[in-house]
Each structure stands twice: as C-alpha cells, then as structure tokens.
Amino acid sequence: MGLGKSISKARTLGEIGSILYVISLVIPNAILLIGGVVLLLLSVLDIVRDTEYKGSGNSFIIAMILDIVWLYVAAFAVALTLGAYKAYVERPGADCMGPMCDRLFPNPFGPGGAGRTVVMAALGAAIIAYVINIITGILYRNIYKNVGKITGVSYFERSANWIFWGRILSIVLVGLVVDLVGRVMLAISFFHLPDFLPSNEEEAQSIQEKDSGPE
C-alpha cells in the first residue's frame, strides 16, 4: 500500500477539537465550543487540502458562520417570547374579572394588537433559526462524509448522520442526546485516522471496509 501525505498533525488537532466539542455540550461553555470547532476546522482544512474535496474547507467556514447566526436568531426569538409573556402577565387590567374588562383594558395580544405582532415575530425568528440550523447540519454532514471518503474511516459518515439528525430533532429534548452521540462518534472517527492518507481511492475503500468490519 502506498502512502499519501502525513495527517498526524490533523489527527491530533481533530482528537483534541472533537473532545472539546463533546465537553461543550455536556458542560455548556462558549470557550470550549469555539476552541473545539476551530481545531476541527484546522484539522479538516489539513485533510482536504490538495484533494478533490478541498471545497469542504470553505463549507466548514460557512457552517461555522451559520452556527453563530442561528444561535443569535434563536436568542432573539427567546427574548421576544419572554418579553411578550412578561408584558401579558403585567399588562394593565390583567387581574380584572368581568364583562367590561375588555373595554376598560383592551388586550394588546388580541386580534390586531401590538402584542400579537411581537408573538408572530418571535415565531418567525424561531422558524428561521431552525431552518438555518438544519442547513448547517447538512453542511457538516457533507463535510465529514467527504473526510471519510478521503481517509477511508467509515466512522466519519456515521457521526455525520447522527450530527445531522441531532439538528433535525433539536426542537425536542431527544435532539441533544442524538447530537451528543454524533459528537462522541466524531471523536472516535479522529482517533481512527491513520498517520498518512491513502494514496488512492482503492486504498481508502480498502481501509473503510476493514474499519467497518464484517457484515
């Protein structure tokens, strides 16, 4: 078997980055998350450089930007929702009981009220954030699948699918569990990287079949 370029540095960066990536979900921490993603980016850039999948590096950068965008949009949606709830609870006449209450204290969250506009804006922001989150998941899935094709490590494709479905299910609690499984499998993927890239697709396929084990 011939040997391609050395990726031992990329493997080390990926190992450290993927571990930080896992920890950042178990113990939410922006510094760990950013550090982990940056190390993963550097690792992927090194692996895909000078290959037919070198565009995956740019896709990774776009995915990182979209990750930031959807988080800000989601935070905006949460802020609007909390603000609307507080305004509803503390509105004038909130404790008023009787048929005259609606006339004395018009409900801002009724038809045509300003409060309803805020609620619709919050819902719209939440939908936009979710769509961007899914697009980001698709990008990451394609990136790690390409890394798997280059290196012959089948775990990358498996982790890519888990991470993608974690994004899809992010609107429910189970999405966090699926995402965590994907991140753990991603860490396993980097620990299975060889010191050198296979020199051709046949060797990569051979490594992948060996990595997958018997059916």
Note to self: with every protein chain in place and a 1.4 Å probe, the stretch 8-195 gives an accessible area per residue in Å² of 55 Å²
Between residue 131 and residue 79, the two model label points (7 Å from Cα along the beta-carbon direction) sit apart by a distance in nm of 2.2 nm
At q = 0.11 Å⁻¹, the log10 of I(q)/I(0) for the stretch 8-195 from a Debye sum over equal Cα scatterers comes to -0.57
Quick tally, 1.4 Å probe accessible area for 64, 120, sorted with the most first, runs 120, 64
With all protein chains in place and a 1.4 Å probe, residue 140 shows an accessible area in Å² (nearest 10) of 10 Å²
Given a Förster distance of 22 Å, the FRET efficiency implied by the Cβ-Cβ spacing of residue 138 and residue 12, rounded to the nearest 0.05, works out to 0.20
Label model pair residue 172, residue 69: point-to-point distance (7 angstrom along the Cα→beta-carbon line) in nm is 2.8 nm
Put 158, 167 in order of accessible area, largest first, probe 1.4 Å, and you get 158, 167
Sorted by chain and number, the residues with a modelled amide H under 5 Å from that of residue 5, at a separation of 5 or more or across chains, are 197
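The values are calculated or read from the model by the stated rules, or taken from the named source; none is laboratory data. Everything quoted here is computed from the prediction, not taken from an experiment. So basically every Cβ, Gly included, is an ideal-geometry build from the backbone, and we count neighbours across all protein chains shown. Areas reflect the complete protein model, heavy atoms only, side chains present, ligands, DNA and RNA absent. Shrake-Rupley method; radii C 1.70, N 1.55, O 1.52, S 1.80 Å.
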